Amino acid sequence: MSLRERIADLRRVLEKDEVRALSRRYFVANGFDGTLTTVGVVIGAYLGGVTEGLTIVGIGLGAAVGLGTSGVWSVWEIERAETGRQRAELEDAMLTDLGDTQLSRDLQTARVLHALASGTGPVLGVVLTLAPLALEGIVFSPFQAVLVSIGLGVVLLAVIGAYMGSISGQRWYVSAVRMGFAGIVVAAISVVVPG
């Protein structure tokens, strides 16, 4: 298959509302997980005596690798099972093999998109939340870097909430507050638990 045909397949699959909706769900859910995880990691590391920003970044990037790999791998396997079942049901109903058909290629393309969205969400959540810690010692003191990182995580969660509220027709600011509040809850629990 040529590059032009692959791009055409990708465009056609991306035009499907159900594909975009499912990829968006995977991206947002795992981005939420990555951001919340990072807030907990940052506070836990700092309260555990790790005050060097780059060390906390390294710890957080380890979480990003785990969450990103988990996102890609789990969704790849979930979608492989689901699309395999879907294709088998169609083959039984149509009494034909759909192995090398446009439908089969579209299901494969959708699976790749879902897996990439699932893995990208948490990695972005982690990296964006960790960014202030890379500036520790340059712009921020260790404590300031931690506070800015937590604040950025809460803002990122609020942005996710606002986006989800806007696409669902709800009041975006209510969704923003609800999602941002999750970051505050995780921060509060993270401060209490290590003590």
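We did not get these values from a lab; they are worked out from the coordinates using the rules stated. Computed from a predicted model, the values in this text were never measured in an experiment. All Cβ positions, glycine included, derive from the backbone under ideal geometry; neighbour counts span all protein chains shown.
Which one of these does Ile138 not meet: (1) over 30 Å from Glu82 (Cβ atoms); (2) part of a helix (DSSP H, G or I)?
(2)
What are the residues in segment 43-58 that are without any contact (Cβ under 8 Å) to a residue 12 or more places away in the chain, assigned to a loop (DSSP other than H, G, I, E, B) and either in contact with a Cys (Cβ under 6 Å, 6 or more places away or on another chain) or surrounded by fewer than 15 Cβ atoms within 10 Å (Cβ to Cβ) (or both), if any? So that I can check it myself, show each step before the final result.
Keep residues of segment 43-58 that are without any contact (Cβ under 8 Å) to a residue 12 or more places away in the chain, which gives 49-50, 55, 58.
Filter once more, keeping what is assigned to a loop (DSSP other than H, G, I, E, B): 49-50.
Residue satisfying the conditions is Gly49 alone.
A quick yes/no check of all residues on (1) part of a helix (DSSP H, G or I); (2) surrounded by 15 or more Cβ atoms within 10 Å (Cβ to Cβ); (3) on the phi > 0 side of the Ramachandran plot:
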{"site": "Gly60", "(1), (2), (3)": "yes, yes, no"}
{"site": "Trp73", "(1), (2), (3)": "yes, no, no"}
{"site": "Ala81", "(1), (2), (3)": "yes, no, no"}
{"site": "Ala93", "(1), (2), (3)": "yes, no, no"}
{"site": "Asp100", "(1), (2), (3)": "no, no, no"}
{"site": "Gly119", "(1), (2), (3)": "yes, yes, no"}
{"site": "Ala145", "(1), (2), (3)": "yes, yes, no"}
{"site": "Leu152", "(1), (2), (3)": "yes, yes, no"}
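Residue-by-condition table, conditions (1) buried (at least 16 other Cβ atoms within 10 Å of the Cβ); (2) of a type in the set (S, T, N, Q); (3) touching a residue at least 24 places away in the same chain (Cβ under 8 Å); (4) within 21 Å of Val57 (Cα to Cα):
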{"site": "Ala134", "(1), (2), (3), (4)": "yes, no, yes, yes"}
{"site": "Pro142", "(1), (2), (3), (4)": "yes, no, yes, yes"}
{"site": "Leu156", "(1), (2), (3), (4)": "yes, no, yes, yes"}
{"site": "Ile160", "(1), (2), (3), (4)": "yes, no, yes, no"}
{"site": "Ala176", "(1), (2), (3), (4)": "yes, no, no, no"}
{"site": "Met179", "(1), (2), (3), (4)": "yes, no, yes, no"}
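Just wondering, is there one or more residues in segment 18-41 that are of a type in the set (Asp, Glu) and loosely packed, with under 15 Cβ neighbours inside 10 Å? Break it down into steps so the answer makes sense when it comes.
Initially, segment 18-41 is screened for residues of a type in the set (Asp, Glu), giving 18, 33.
Now restrict to residues that are loosely packed, with under 15 Cβ neighbours inside 10 Å: 18.
Within segment 18-41, one or more residues are of a type in the set (Asp, Glu) and loosely packed, with under 15 Cβ neighbours inside 10 Å.
Cβ-Cβ distance below 8 Å, separation of 6 or more or different chains: which pairs start in segment 79-98 with a residue that is of a type in the set (Val, Ile, Thr) and end on one that is surrounded by 10 or more Cβ atoms within 10 Å (Cβ to Cβ) and not in a loop (DSSP other than H, G, I, E, B)?
Thr83/Leu107; Thr83/Gln108; Thr83/Ala110; Thr83/Arg111
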